[in-house]
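Taking it in order: structure first as structure tokens, then the write-up.
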Amino acid sequence: MYAHKHPEPTDPRVGPAIVYLIVGLPGAGKTTHAKELEISASALRLTPDEWQILLFGDQNPPDKRDLVEGKLVQLGMRAAELGTNVVFDFGFWGKDERSALRWIAGAVGARSQVVYLPIDHEEQRRRVTNRFATTPDRTFHMSDVELEQWRAQFQAPDDEELRGSQIPPVPPEHATWSEWASQRWPSLPDQYATTAANSRYSHEP
Ligand SMILES: Nc1ncnc2c1ncn2[C@@H]1O[C@H](COP(=O)(O)OP(=O)(O)OP(=O)(O)O)[C@@H](O)[C@H]1O
Ligand SMILES: [Mg+2]
């Protein structure tokens, strides 16, 4: 809109914000890593567990979690649009969730980076047991059966996602990834468009 007043940045430190998507099973070390990025990348860290536990204690109702996450996506994407790096410390078990947020990041003029923290079953068990024993007020209890079920549901990122290659097309029954995301997270408005004009840093005509 004010392109004539804002020439392309020449300082290499200036550029699009980075949206980090932290992917991993419970206990993989996502929040630990997100707290590191919070400092090393001056990023806004958005950790839904902190809000969920504050609001609902150990009940962890899934419908409320989706609402919390949707508002955090809306907030984080606005921050990214304003130039702030953002860390979504969500888990992102589904590839479609990651594709949708990569797409929305692009629509607000940000770059995105999928960060995957793998963990094997034994190490995971050790960590979540130890964590619950030391900080029960800040974490949820997790049974062995739950850990197994969650691992079966988890879709690990592939190499293309980790490299930031092209985002896959939205599933056919959806018009855009923005629409897909607003159904996945009902509190997130379907408000993102992917025109080049939306991106301050786009080099497309
Ligand atoms: N690289 C690591 N090596 C060893 N222990 C770690 C590592 N990263 C995290 N931990 C420990 O493992 C436990 C789980 O870490 P963290 O809370 O960061 O996981 P998480 O992925 O955020 O889990 P959740 O999905 O439940 O929020 C913590 O007690 C943490 O101190
Ligand atoms: Mg965590």
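The values are calculated or read from the model by the stated rules, or taken from the named source; none is laboratory data. Because the structure is predicted, anything quoted here is derived from the model rather than measured. In this analysis, Cβ positions are derived from the backbone assuming ideal geometry, glycine residues included, and neighbour counts consider all displayed protein chains. Quick note on the areas: whole protein, heavy atoms, side chains included, nothing else; ligands and nucleic acids left out. Shrake-Rupley method; radii C 1.70, N 1.55, O 1.52, S 1.80 Å.
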CD proxy, 222 nm, the chain: helix-only mean residue ellipticity via -39,500 (n - 2.57) per DSSP H run with n ≥ 4, per residue, nearest 500, stands at -13500 deg cm²/dmol
According to the Kirkwood expression over distinct Cα-Cα pairs, how big is the hydrodynamic radius of the chain, in Å?
18.1
Using the basic label-point model (7 angstrom from Cα toward the beta carbon), what is the Gln183 to Gln166 distance in nanometres?
2.4
Tell me, what % of the accessible area of the chain is carbon and sulfur with a 1.4 angstrom probe?
53
Just the accessible area per residue of segment 16-186, please: how many Å² with a 1.4 Å probe?
51
Once Asp144 and Asp159 are pulled to full extension, the length gained, defined as 0.36 nm per residue separation minus their Cα-Cα distance, is 2.5 nm
Between segment 146-198 and segment 72-96, how many Å separate their Cα centres?
12
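Excluding Gln113 itself, calculate the net charge of residues whose Cβ lies under 12 Å from the Cβ of Gln113, where each Lys or Arg counts +1 and each Asp or Glu counts -1. Intermediate values should be presented prior to the final figure.
Details: positive: Arg98, Arg102, Arg111, Arg163; negative: Glu161.
So the environment of Gln113 carries a net charge of +3.
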